[in-house]
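Accompanying notes for the structure given below.
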Amino acid sequence: MDVRHNWTVEEVQALFNKPFMDLLFEAQQVHRQYQAVNHVQVSTLLSIKTGACPEDCKYCPQSAHYRTDVDKERLLEVERVLDAAQKAKSSGATRFCMGAAWKNPKERDMPYLKEMIQGVKGMGLETCMTLGMLSSAQANELAEAGLDYYNHNLDTSREHYSNIITTRTYQDRLDTLSHVREAGMKVCSGGIIGLGESATDRAGLLMELANLPHHPESVPINMLVKVKGTPLEDAEDVDPFDFIRIIAVARIMMPQSAVRLSAGRENMNEQMQALCFMAGANSIFYGCKLLTTPNPDEDSDMQLFKKLGINREQGVQKPDAIQEEALLSQVAERVASRPGKDDLFYEAGV
């Protein structure tokens with residue numbers, strides 16, 4: 001199968017309409033042609049700034065527009081982020097993702113973000129951030145610091161988007177993806193299933209992603225985690241077979257991309273996750289929490305991998321732990337040289 005960037009909605013709908021077993025068989029064939037077999041890349045996600053986001057995404061408990069149980073927090077200290085990254089690496093993660101609840105980062109944030117990137121990379125982990133919209137200059141600055149991936153989801157189809165978010169446009173999201181790509185970083189972009197979208201919207205989301213000039217290197221497929229206080233707290237549940245179909249169609253349309261099981265895994269039993277891996281999923285988020293929502297713990301994931309004969313993807317590890325200690329010492333020295341803690345740990349609500 002050739003890698004394509006010219007899908008039509010009708011073609012995508014035809015894939016969705018295939019008999020379930022035929023669709024999974026085709027997806028697994030594509031997967032084996034382009035991806036390592038029985039290997040899953042493992043990422044860990046840390047919220048480096050939580051709550052009080054000015055965006056009005058109807059699914060998000062971090063939005064300042066809704067009353068949820070999520071507390072507003074300030075930007076985390078650099079050394080706390082590096083400590084979390086070290087623990088993630090020790091637990092088997094090969095990529096460390098850092099998320100901030102912002103519309104876009106401010107210039108005052110950039111020095112600390114760059115320190116986080118450099119510190120995490122120094123541990124031998126891949127780095128990923130999601131910080132909202134980026135200007136071209138900000139994307140270049142993060143790339144120069146060594147950021148490997150930038151996450152910015154399209155969330156849903158172009159047609160359904162305004163029903164979910166009004167504080168930024170679909171084109172705003174596409175522009176950020178363009179800035180990221182032009183800066184030389186890898187793109188992580190996917191969507192959320194369960195936002196009240198139609199089958200056509202689901203096809204439209206995958207079409208938008210697959211018809212980008214370059215497919216995202218990572219495509220997270222999230223199943224809505226319903227949170228009390230958000231407008232979608234009573235949204236209809238996603239049928240498990242429908243979700244597995246989306247994984248399979250994403251694999252067929254974007255054969256070279258990592259297709260990631262993201263939010264919602266807490267509500268998936270082992271059998272559903274196994275079928276998602278059969279359909280072509282080959283990446284997961286690992287750990288007890290994704291930003292503010294639950295996620296299966298590491299032990300459960302490892303037990304499932306053992307049952308399925310799946311080997312986690314191994315990242316390049318530094319052989320000498322002294323190098324990591326030296327890095328942490330360098331960061332501590334930089335922090336100690338600053339005038340005061342307010343430079344490092346400040347109110348970052350907007």
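The values are calculated or read from the model by the stated rules, or taken from the named source; none is laboratory data. None of these values were measured; they are calculated from a predicted model. Cβ atoms come from the backbone with ideal geometry, glycine included; neighbour counts cover every protein chain shown. Heads up: the accessible areas ignore ligands, DNA and RNA and are worked out on the full protein's heavy atoms, side chains in. Shrake-Rupley method; radii C 1.70, N 1.55, O 1.52, S 1.80 Å.
Centre-to-centre, using Cα atoms only, region 156-232 and region 107-149 are separated by 21 Å.
As a calculated quantity, the FRET efficiency between R32 and M302 at R0 = 22 Å, using C-beta atoms, amounts to about 0.40.
The order of E266, E217 by accessible area, most exposed first and with a 1.4 Å probe, is E266, E217.
Each residue of region 213-220 was assigned a 3J(HN,Hα) from its phi angle through the Karplus expression (A = 6.51, B = -1.76, C = 1.60, θ = phi - 60°), giving x, 10, 4, x, 5, 9, 10, x Hz with x at Gly and Pro. Ranking of R265, R4 by solvent-accessible surface, largest first: R4, R265 (1.4 Å probe, protein heavy atoms only, all chains present). Ignoring ligands, DNA and RNA, please state the percent of accessible area on region 90-203 from carbon and sulfur, probe 1.4 Å. On region 90-203, the fraction of accessible area on carbon and sulfur atoms equals 47 percent. For V3, the accessible surface of its heavy atoms amounts to roughly 50 Å² (probe 1.4 Å, protein chains only, rounded to the nearest 10).
Once all protein chains are placed together, H179 keeps about 50 Å² accessible to a 1.4 angstrom probe.
Ligands, DNA and RNA aside, H39 has an accessible area near 80 Å² when probed at 1.4 Å. Ranked by solvent-accessible area (1.4 Å probe, protein heavy atoms only, all chains present), the residues L174, L23 order from largest to smallest as L174, L23.
Taken along the Cα-to-beta-carbon direction at a fixed 7 Å, the label points for N163 and E266 span 2.6 nm.
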